[in-house]
Amino acid sequence: MIELVQVVKTFQAGLATPFTAVDGVSLSIPEAQITVLKGPSGSGKTTLLTLIGCMARPTSGRIHLHRLPGNVLPQLQAGDSVEITSLPERFLTAIRRRTFGFIFQQFNLIRGISVLENVMLPAYPTGEDHRSVEARAVQRLESLGLGRHLRASVERLSGGEAQRVAIARALINDPTVLIADEPTAHLDSRLSEDFMALMGQFKAAGKTLLITSHDPIVHGSPLADRVVELRDGQIVAEP
Amino acid sequence: MRAPTQRYRNILDFALSSLLRRKGRNLSLTGVYTLVVFVLASLIFFVQALKREARELLVQAPDMVVQRLVAGRHDPILAAQAEAIRSIRGVLEVRPRLWGYYYDPAFGGNLTVMANEHEPIAADAVWIGQGVARNMRVNEGDLISLRAYDGLPMLFLVQKILPTESELVSSDLVLMAPRDVRSLFHFPEGLATDLAITAGNPRELPTIAAKIVERFPDARPILKAELLRTYEAVFDWRGGLMVVVLGSALLSFVIFAWDKATGLSAEERREIGILKSIGWESSDVLLLKFWEGTVVSLTAFLSGILLAYVHVFFFSARLFEHALKGWSVLFPRYRLLPALDGYQLTVLFFLTVLPYTAATLVPIWRAATVDPDAAMRT
Ligand SMILES: Nc1ncnc2c1ncn2[C@@H]1O[C@H](COP(=O)(O)OP(=O)(O)O)[C@@H](O)[C@H]1O
Ligand SMILES: [Mg+2]
C-alpha cells in the first residue's frame with residue numbers, strides 16, 4: 001500500500017514564479033487494485049506519479065511505502081515500510097527498480113536497438129545474469145504477443161506494439177506496482193480496451209496499478225476499483 | 001546469481017552495441033583520434049630511435065679525439081704529436097686516424113673513407129658498409145671505382161661487406177689500407193686526420209684535455225661526453241619544435257573530441273534521460289559512457305601506436321622526411337632498429353587518452369545527473 005500525507009510539489013520554489021502543481025494531496029493506494037487518477041491536462045497527474053514513483057521529491061509532505069518486496073536494500077526486509085521523501089538518491093533508485101514499473105505516455109523506447117534489448121535494459125544495472133534476464137524478457141514479450149518482433153528495431157512497431165514493449169520493459173524487474181501515464185493517449189478505442197483488459201490480468205496476478213487518464217475508456221472501466229479526480233493539484237472528489 | 005562483476009559486463013555489452021549503433025560518428029572519431037596518436041607516436045619513436053642510434057655510434061667512438069685547428073678550421077694533425085701526447089699522465093693509448101669524406105654523385109651523399117686500424121687490408125681492396133653496397137649495387141668480389149683527388153679513377157676489389165649491428169654506424173663506411181687512403185685523397189705522409197685518445201680512467205679525460213691544449217695551443221680536444229650532449233641537445237630541440245607544431249594539432253583534436261564525442265547529441269541526451277527514468281543510477285550511466293570512451297580510446301591508442309611503429313621502423317619515418325630533413329644529411333640511408341619503452345608509451349598515453357577523457361567527462365557528468373522525471377515530459 002502507498003500512503004500520501006499532505007504532499008505538495010512546487011516548481012521553481014524560491015524563484016520569481018513558483019508554481020504549485022500538487023497542492024496538499026493525501027491519498028492511499030490499495031494493493032492489487034486499479035487506481036485511476038483523472039483530471040484535465042495540467043491538473044498535476046504526471047507530477048503526482050513522479051512523486052509516488054521515487055522519481056522526484058515533494059516540496060513537503062510524506063510518502064510511505066508499505067509492505068516492500070524483498071531484495072530492495074540490504075537494510076530493508078520484505079514487508080518493511082519506508083518513508084521515501086527523506087531517502088538519498090541511491091536508495092530511491094534501488095526502491096524504484098524493485099517496486100515500480102513505468103509505462104510512459106511517449107513509451108520512451110530507445111531507438112536503434114532491438115525490442116528485446118529495450119525490454120532488458122532496466123535489469124542491466126542490477127547485475128543479474130544476462131541470460132536469465134533475456135529468458136524472462138522473451139517470455140514477457142511472447143505472452144504479450146510480440147514473439148515475432150524480438151529482434152525488430154523499435155521504430156518499426158505500431159503504436160499498440162510499442163506500448164506492449166513498454167509494458168514488457170516495465171515488468172522486467174518484476175515490480176509490485178505498475179504506473180501508467182495516459183496509456184491510451186495514442187491508441188484507438190479497440191486497443192484502449194485491450195490495454196484495460198491487460199491491466200485487469202495484472203491486477204488478478206496481484207499487481208498494484210496506478211493509471212492517469214482523462215479517457216472514459218479508462219476511468220469509466222468496470223475494472224477500475226477507484227477513481228480519484230484531480231483539479232489544480234488538489235483532489236476534487238473521493239467516492 | 002548476482003555477481004558484482006555482472007553489472008559491469010551487462011553495461012559493457014550495452015556500451016558496445018551503443019557504439020555500433022552510431023557507427024559513422026564513432027568511426028570518424030576513432031579515425032581522427034588514431035591519426036593524432038599516430039603522428040605523435042611516430043615523432044616520439046623517431047626521435048628516441050635516432051638518439052639511441054647516435055648514442056650507439058658514439059659508444060664505438062674513442063673517448064677523446066684531438067684535432068688541429070688552422071684559422072679556426074679542422075686541419076690534418078702531425079702524427080708525431082701522438083708521441084708527445086702519449087707521455088701525458090693518464091693517457092693509455094694514442095692512435096693517429098686517417099679518414100675523410102668522399103662525395104659520391106650516384107649515392108647523392110658522402111661516404112666515410114677510413115684507413116682500417118684493426119686488421120690490415122690488402123692494397124686495392126675495400127670493405128664496405130651495407131648502405132654503400134646497396135647503393136652501388138655491388139657484392140663481395142665486385143670491383144668499384146672511386147675518383148681520386150686528381151679526377152682519375154681508382155679501382156678497388158670489394159673484399160668484404162661489413163656486418164651490421166646498427167646500420168647507422170657502418171652503413172656509409174669504406175675501409176681500405178692507409179696507403180690507399182693517402183693516394184685517394186693526396187694525404188701527405190706524417191699527417192693524420194685526427195688522434196684518437198684512450199684514457200686509463202675516463203674521469204681524467206678533462207684534465208688530459210686541458211694538458212693537451214696547454215702543450216699544443218692549436219689542438220682541439222673533443223670529448224665523447226660532449227659530443228653525446230650535443231647530439232641529444234640537437235635531437236631534443238628538433239623534437240621539441242615538432243612537439244609545438246603537433247601541440248596545435250592535438251588542440252584541434254581536443255576541440256573536435258569535445259564537439260563530437262561530448263557535445264552530446266539530443267538523441268543521446270534523450271537516451272540518458274530514458275535510462276535514468278527506467279531505473280539506471282547516475283553512476284550506471286557514467287559507467288556506460290566510460291566503457292564507450294574506453295573502447296574508442298584504446299582502439300585509437302593501440303592502432304595509432306601500431307601504425308607509428310610500422311611507419312618509423314619499417315618505413316624509416318617516411319612521412320617526416322621533409323619536416324626533419326636535417327637528419328638525412330647527418331645520417332645515410334638506414335633502417336632504424338625497432339625498440340619501444342614503457343616511458344614513451346606512458347608519455348603518449350598522457351598526451352592523448354587523458355585530454356580526451358577529460359574533455360568528455362564534464363558534459364557526460366552533466367547529462368548523467370539529470371532528474372529521472374525529466375523523461376516523463378518529453
Ligand atoms: N518542471 C516543471 N517546472 C515548472 N512547471 C512544471 C514542471 N513540470 C510540470 N509543470 C507544471 O505543472 C502543472 C502540472 O503538470 P502535469 O503534472 O504534467 O499535469 P498533467 O499530467 O495532469 O497534465 C502544469 O501546469 C505544468 O506546466
Ligand atoms: Mg500528464
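Placing +1 on the Cβ of every Lys and Arg and -1 on the Cβ of every Asp and Glu, with nothing else charged, gives the range B:37-164 a dipole about its Cα centre of roughly 400 debye. Between B:Glu226 and B:Arg318, the modelled label-to-label distance comes to 4.1 nm, taking each label 7 Å out from Cα in the direction of the beta carbon. Counting only DSSP H runs of at least 4 residues, each contributing -39500 (n - 2.57), and dividing by the residue count of the protein assembly as shown, the helix-based mean residue ellipticity at 222 nm comes to -14500 deg cm²/dmol. Annotation for B:His74 and B:Arg25: the two label points, set 7 Å from Cα along the Cα-Cβ direction, are 6.0 nm apart. Please report the net charge: other residues with Cβ closer than 14 Å to the Cβ of A:His149, K and R +1, D and E -1. Here the count lands on +2. The share of alpha-carbon pairs in the protein assembly as shown lying farther apart than 48 Å comes to 45%. The mean count of C-beta atoms from other chains within 10 Å of the C-beta of residues in A:44-52, rounded to a whole number, is 2.
Express the Stokes-Einstein translational diffusion coefficient of the range A:1-160 in µm² s⁻¹, to the nearest whole number, given a Kirkwood radius over alpha-carbon pairs, 37 °C and a viscosity of 0.692 mPa s.
182 µm²/s
Projecting the Cα positions of B:His311, A:Phe11, B:Gly141 onto the charge dipole of the protein assembly as shown (unit charges on Cβ atoms of Lys, Arg, Asp and Glu, taken about the Cα centre) puts A:Phe11 furthest along the positive direction.
When DSSP beta bridges are limited to those with both residues in the protein assembly as shown, what percentage is antiparallel, rounded to the nearest 5?
So the antiparallel bridges in the protein assembly as shown amount to around 65 percent.
Within 10 Å of the Cβ of each residue in A:95-105, the mean number of Cβ atoms contributed by other protein chains is 3. When the P(r) is computed for the range B:63-223, the part past 21 Å accounts for 51% of the Cα-Cα pairs. Of the peptides A:53-60, A:228-235, the order by per-residue mean of other Cβ atoms within 10 Å, starting with the highest, comes out as A:53-60, A:228-235.
Selection among A:Met1, B:Ala15, B:Ala300 by position relative to the dipole of the protein assembly as shown gives A:Met1 as farthest towards the positive end (Cβ unit charges, Cα centre). Taken residue by residue and averaged, Cβ atoms of other chains lying within 10 Å of the Cβ of A:163-173 number 1.
The Cβ shell under 10 Å around A:Asn173 holds other residues with a net charge of +3, Lys and Arg each +1, Asp and Glu each -1.
The range B:189-220 and the range A:5-27 have their alpha-carbon centroids 93 Å apart. Summing Lys and Arg as +1 and Asp and Glu as -1 over all other residues whose Cβ lies under 11 Å from the Cβ of B:Asp194 gives a net charge of +3.
DSSP bridge analysis restricted to the range A:2-237 gives an antiparallel fraction near 50%, rounded to the nearest 5. Spin-label pair A:Leu198-B:Arg215: with each label point 7 Å from Cα along the Cα-Cβ axis, the two points sit 10.4 nm from one another. Only one residue of B:Ile212, B:Val158, B:Val94 has its Cα farthest out toward the positive end of the dipole of the range B:63-223, where Lys and Arg carry +1 and Asp and Glu -1 on Cβ, and that residue is B:Ile212.
Magnitude of the charge dipole for the protein assembly as shown, about its Cα centre and with charges confined to Cβ atoms of Lys, Arg (+1) and Asp, Glu (-1), is about 340 debye.
Only the coordinates and a few stated rules stand behind these numbers; no lab work does. Nothing here was measured: the structure is a model prediction, and the numbers come from that model. All Cβ positions, even for glycine, are placed from backbone atoms using ideal geometry, and neighbour counts span all protein chains on display.
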